[in-house]
Amino acid sequence: MDQAIRRKKVKLAVWIFAGLAILVMIIAGVIYYNNWYGRDLPGQIISDQGREHITSASHPAYNSNPPTSGWHYQQPAEWGVYKEEIPDEVVIHNLEHGGVWITYRPGISEEIARKLEGFYEKYGRKIIVTPRAKNDSDIALAAWNRLDEFSVEEYSDERTDKFIQAYRNKGPEFVP
């Protein structure tokens, strides 16, 4: 009889330990979720339009300008600074890989354009800087499903840094 009681106590202790371990994992998950999603993240959330690969520029309209997800070509652009515009359908693939796309309207001051280009020098991979005449604002920062748009007067290095640090390497497909 003493042996049976001992086995029941051990079994009960195992179940209590397992329950506490599960409870600790749930609490850790809630804390992680609140720290990531509950913090003040830059930019606005843009609805996901999917990750469909296309072979021509013919597709439904994007839901943001510049786009932050949706129809795109198979081949992404090389990371870097461009003096010419790149088709949206190319750069969206970079966003899918966790890139940040910094665009500016042609005609902004050379000083601001150089500052924006400097973010590629600072961070290297996963940054593309291009002029983009179709922008609704002077400057736009795009990542997968995130967008921050502002005027030259509202520009700051800190704002751009905060966006890059929040979303670089956060696309739905991680490509080192």
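Worth pointing out:
- For the stretch 149-176, filtering for residues that are surrounded by 12 or more Cβ atoms within 10 Å (Cβ to Cβ), part of a loop (DSSP other than H, G, I, E, B) and among the small types (Gly, Ala, Ser) leaves 1.
- Condition met for Tyr155 (over 12 Å from the mean Cα position of the chain (by Cα) and touching a residue at least 24 places away in the same chain (Cβ under 8 Å)): yes
- All conditions in (1) touching a Phe, Trp or Tyr at 6+ places or on another chain (Cβ under 7 Å); (2) under 15 Å from Asn65 (Cβ atoms); (3) in a helix (DSSP H, G or I) hold for Ala142, with the sole exception of (3).
- Annotation: of all residues in the stretch 118-136 being among the basic types (Lys, Arg) and surrounded by 20 or more Cβ atoms within 10 Å (Cβ to Cβ), the one that is nearest to the chain's Cα centre (by Cα) is Lys126.
- The residues in the stretch 71-114 that are over 15 Å from Ile128 (Cα atoms), in contact with a helix residue (DSSP H, G or I) (Cβ under 6 Å, 6 or more places away or on another chain) and in a loop (DSSP other than H, G, I, E, B) can be counted, and the count is 2.
Yes/no per residue for (1) modelled with pLDDT of 95 or more; (2) within 14 Å of the chain's Cα centre (by Cα); (3) under 21 Å from Glu158 (Cβ atoms):
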position	(1), (2), (3)
Asp48	yes, yes, no
Glu78	yes, no, no
Glu84	yes, no, no
Thr103	yes, no, yes
Ala113	yes, no, yes
Asp138	yes, no, yes
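- Filter result for Glu85 (touching a Lys or Arg at 6+ places or on another chain (Cβ under 9 Å), in the same structural domain as Tyr62 (by TED's automatic domain parsing) and surrounded by fewer than 16 Cβ atoms within 10 Å (Cβ to Cβ)): yes
The values are calculated or read from the model by the stated rules, or taken from the named source; none is laboratory data. Given the structure is predicted, the values throughout are model-derived calculations rather than measurements. Positions of Cβ are backbone-derived with ideal geometry, glycine not excepted, and every protein chain shown enters the neighbour counts.
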